[in-house]
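Quick notes on the structure that follows.
Every number in this text was worked out from the coordinates using simple rules, so none of it is lab data. Because the structure is a prediction, the values reported are computed rather than measured. Here the Cβ positions follow ideal geometry from the backbone for every residue, glycine too, while neighbour counts run over all protein chains shown.
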Amino acid sequence: MDAEYCPVDDDGNYIQVDTIVASGDAALVVHREDMAIKMAIVYRHYTLEQAEENRGIIRREQEVWRRIQPDFNTPVQGIIQCLGLRGDTIEMRYMPGGTLLKWLQHRARPSIQLQKRWFRQLAIGLHNLHQHRVIHGDILSRNILMDGSLNVAICDLGASSLMPMDTVMADAVDAYNCSIWTDLCQLGLVFYDIATGRTTGISLYDNGGSDNSVASFPSRDMLPALSKRLWARDIIETCWREGGYGAAGAAGILAKLDKVKAPRRRR
Ligand SMILES: Nc1ncnc2c1ncn2[C@@H]1O[C@H](COP(=O)(O)OP(=O)(O)OP(=O)(O)O)[C@@H](O)[C@H]1O
Ligand SMILES: [Mg+2]
């Protein structure tokens, strides 16, 4: 690769291209030993302002990690483990299973038992974020990662908002109009991907020509119809009703999961 197009790390060294796992608009993720390291995209030819703009985005995400997981040795259930915040980087436990999106696109349909495990892990992860007064803002199956034992965890706190610790989350919205209810709506879309194997591509930011930087909670008719036979129908429908889980928020999903009857065996 032409050196000019090879990004550099915090110390100004070229990043080995074969270690890059993913590269987005402002950040890239490299794999080093058992760590995934998220860092700003910076090229040698960048001005200081250009470099600082991307580093600032990582610093903002670091703030969210400091809130969620202040102790690197104590992971938060349902969230990727953060292993360190050195310089302008975010060091995480490497998740060898890749994104949930890729998994669903390339593997056989998961059993209902496995689907339920994922629902539970994701509900716990989102509940933990909300307990820490964080709105995720970007719950998508490409922001959910899998370890080597088919456990899922939420990643990418790049679009997350830190709310004051005394916030009543059920009533709160952030600067982009995101809330625990838009997070739950997006989680319902992820559940739909898992339970049906179909991805919808529905975004909270497609407001039909009005301001696309502000999210809105989609009306029910913008969301897919659910078959009466779908085991997760009630759970997903409740995600798609603004305020549907009431005071329990994401934890309400766990109570519903406990009540779901096992599908009847065909004789
Ligand atoms: N801990 C990890 N283990 C393995 N892969 C990871 C890890 N963290 C991130 N990745 C990979 O890097 C990709 C980008 O990470 P992340 O979503 O945090 O960055 P981003 O630049 O905000 O992404 P985007 O804007 O594309 O959503 C993930 O989709 C995943 O493929
Ligand atoms: Mg992402």
Where the centre of each part is set by its Cα atoms, how far does segment 137-215 sit from segment 19-48, in angstrom? 23
Share of Cα-Cα pairs in segment 151-230 beyond 20 Å, in percent? 42
Considering the options 235, 17, 250, tell which one lies farthest towards the positive end of the dipole of the chain, charges being +1 on Lys and Arg and -1 on Asp and Glu at the Cβ, about the Cα centre. 235
Assign unit charges at the C-beta atoms only (+1 for Lys and Arg, -1 for Asp and Glu), then state the dipole size of the chain relative to its Cα centre in Debye, rounded to the nearest 20. 2340
So how much slack lies between residue 5 and residue 66, counting 0.36 nm per residue of separation and subtracting their Cα-Cα distance, in nm? 18.8 nm
Give the angle, between 0 and 90 degrees and rounded to the nearest 10, that separates the Cα long axis of helix 180-196 from the longest principal axis of the Cα atoms of the chain. 70
Against the 2.2 N^0.38 Å scaling, with N counting residues, where does segment 122-187 land? I'd like the Cα-based Rg ratio to two decimal places. 1.10
For segment 1-130, projected area of the alpha-carbon convex hull averaged over all directions, nm²: 9.4
Binning every alpha carbon pair distance of the chain at 5 Å from zero, what are the percents per bin? 1, 6, 12, 16, 17, 16, 13, 9, 5, 3, 1, 0, 0, 0
So if each residue of separation counts as 0.36 nm, and I subtract the Cα-Cα distance between residue 247 and residue 26, what length gain in nm does that give? 75.9 nm
Go through segment 48-98 and name the chymotrypsin sites (Phe, Trp or Tyr not before Pro) that are in a DSSP coil and have 15 or fewer other Cβ atoms within 10 Å of their Cβ. 72
Of the listed links 38/116; 116/228; 38/102; 102/256, those spanning more than 22 angstrom between alpha carbons are 38/116; 102/256
Extending each Cα 7 Å along its Cβ direction at residue 258 and residue 13, get the distance between those two points in nm, one decimal. 5.1
Pseudo-spin-label distance residue 86 to residue 167, built 7 Å along Cα→Cβ, given in nm, is 3.2
